[in-house]
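Below is one structure, written out as structure tokens; comments come after it.
The values are calculated or read from the model by the stated rules, or taken from the named source; none is laboratory data. This one's a predicted model, so the numbers in the text were calculated from it and none came from an experiment. Here the Cβ is made from the backbone with ideal geometry for all residues, glycine too, and neighbour counts use every protein chain on show. These area figures cover heavy atoms from the full protein model, side chains too; ligands, DNA and RNA do not enter into them. Shrake-Rupley method; radii C 1.70, N 1.55, O 1.52, S 1.80 Å.
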Amino acid sequence: MKKDDLFFLAGAVALFAPFFLFPELYRCYEEANRAHPYILAFCKFAVLATAGESLGLRLQKGSYNQSGFGLFPRAVVWGILGLWIAGAMKLYAVGAPMFMESLGISGVAAAMSGGFSGLKLLGAFSISVWMNATFAPVFMTCHKITDAHILQNGGSAKALISPLCFGALLGGINWKKQWGFVFKKTIPLFWIPAHTLTFLLPPQWQVLFAAFLGVVLGVLLSVAAVGQRT
């Protein structure tokens, strides 16, 4: 284990341990989450999803940051994407159970606000399937575009104000990998089960858990990159 790994672990402990050690801090978090859910969503994704990409870089290249990687613009972009995800989660959390109700499966919408049950599991699964079958591919492609844009700008903050050349960036995507691994494998095998679990959690924890999944995303993308080279 390198010194950077110890710093990374120490940072993770320093970030989360106070919420377990000081109940008042946890209550403040819950209050802030209720009052300002989208501000908190921005912060959660900016920190956790960026940490996931940094961890992915560590697995690929042996370091958590390097010239041109662009930690700061990545954090800003992830924060903005986090707002999009938080809004989508609310939309699908209401819409998918209502769709199930329209099919004659009554009680799904009410079950989503109650304790664990078969109906709640069915509702969470339906939310996850709809979200990952429709929203996820668009989101993943947009993330790929912004990622390439940051790299094109050498990881500098200039990427945040420079126009995106969507046509060129779309054309530069490795669609074989994007379809064969990111869409075809990670969505059914990981994201649908993971988001089913997400929507079984209390609402105040759902966006935070989704942001934690951003850490997993960084690892998955690093695995895909390594697999592409072999």
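Rundown of residues vs (1) open to solvent by less than 80 Å² (accessible area, probe 1.4 Å); (2) more than 30 Å from L164 (Cα to Cα); (3) more than 19 Å from the chain's Cα centre (by Cα), yes/no style:
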| site | (1), (2), (3) |
| --- | --- |
| L9 | no, yes, yes |
| R27 | no, yes, yes |
| N33 | yes, yes, no |
| I39 | no, no, no |
| A51 | yes, no, no |
| L71 | yes, no, no |
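Scanning the range 160-191 for residues that are open to solvent by 30 Å² or more (accessible area, probe 1.4 Å) and farther than 19 Å from H149 by Cα returns K176, W179, F181, F183, K184, K185, P188, L189, F190. If only residues of the range 35-63 that are basic (K, R) and at pLDDT below 90 are counted, the one that is farthest from G82 (Cα to Cα) is K61.
Counting just the residues of the range 119-133 that are closer than 12 Å to I192 by Cα and without any contact (Cβ under 8 Å) to a residue 60 or more places away in the chain, which one comes out surrounded by the most Cβ atoms within 10 Å (Cβ to Cβ)? Per the criteria, the residue is S126.
Looking at the range 134-171, which of its residues are free of Cβ contacts under 8 Å to residues at least 40 places away in the same chain, more than 30 Å from P193 (Cβ to Cβ) and assigned to a helix (DSSP H, G or I)? Those that are free of Cβ contacts under 8 Å to residues at least 40 places away in the same chain, more than 30 Å from P193 (Cβ to Cβ) and assigned to a helix (DSSP H, G or I): H149, Q152, K158, F166, G167, A168, L169, G171. Screening G154 against (1) modelled with pLDDT of 95 or more; (2) in contact with a Gly (Cβ under 7 Å, 6 or more places away or on another chain); (3) crowded, with 17+ Cβ neighbours inside 10 Å leaves a single unmet condition, (3).
Do we find that F19 is in a helix (DSSP H, G or I) and at pLDDT below 90 in this structure? Answer is yes for this residue.
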